[in-house]
Amino acid sequence: MVANKEPWRYSAAGISIALRVTPRGGRDDIDGIEQLADGRSVLKVRVRAIADGGEANKAVLVLLAKSLGVPKASVKLLSGATSRLKQIAVDGDPARLGEALRKLAKSTDQGN
């Protein structure tokens, strides 16, 4: 099921994104938008790294920076360091970042 609600929020400094991360997911990729049982939307992300010593978190930050075309220093983990559900902040132009996320989510949803 594809949720219409976008799992990101705009701010003056950029954008914050709700993620559900799958460590050891076989590849580093963004798998579209998913609606959780409680109604919240999340961006599904999978990484090859294991969830040990912050390796998966680092891989998620690198993947998002690369996918959104921003420097790694612009992507920060806000919450969820030891959880599959995370909040990530990305500094930059909110409109451009939102558009990039929409394209990433759309291209992956059509592949499902």
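The values are calculated or read from the model by the stated rules, or taken from the named source; none is laboratory data. The structure displayed is predicted, hence computed values, not measured ones. No Cβ is skipped: glycine too gets one built from the backbone with ideal geometry, and neighbour counts run over all protein chains shown. SASA here: full protein model, heavy atoms, side chains in, ligands and nucleic acids out. Shrake-Rupley method; radii C 1.70, N 1.55, O 1.52, S 1.80 Å.
Every residue, every condition in (1) touching a helix residue (DSSP H, G or I) at 6+ places or on another chain (Cβ under 9 Å); (2) modelled with pLDDT of 95 or more, yes or no:
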| site | (1), (2) |
| --- | --- |
| V2 | yes, no |
| I15 | yes, yes |
| S41 | no, yes |
| K44 | yes, yes |
| V47 | yes, yes |
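For segment 15-112, which strands (runs of 3 or more DSSP E) that fit wholly inside it have 2 or more residues that are touching a residue at least 60 places away in the same chain (Cβ under 8 Å) and open to solvent by 20 Å² or more (accessible area, probe 1.4 Å)?
It comes to 29-35, 85-91.
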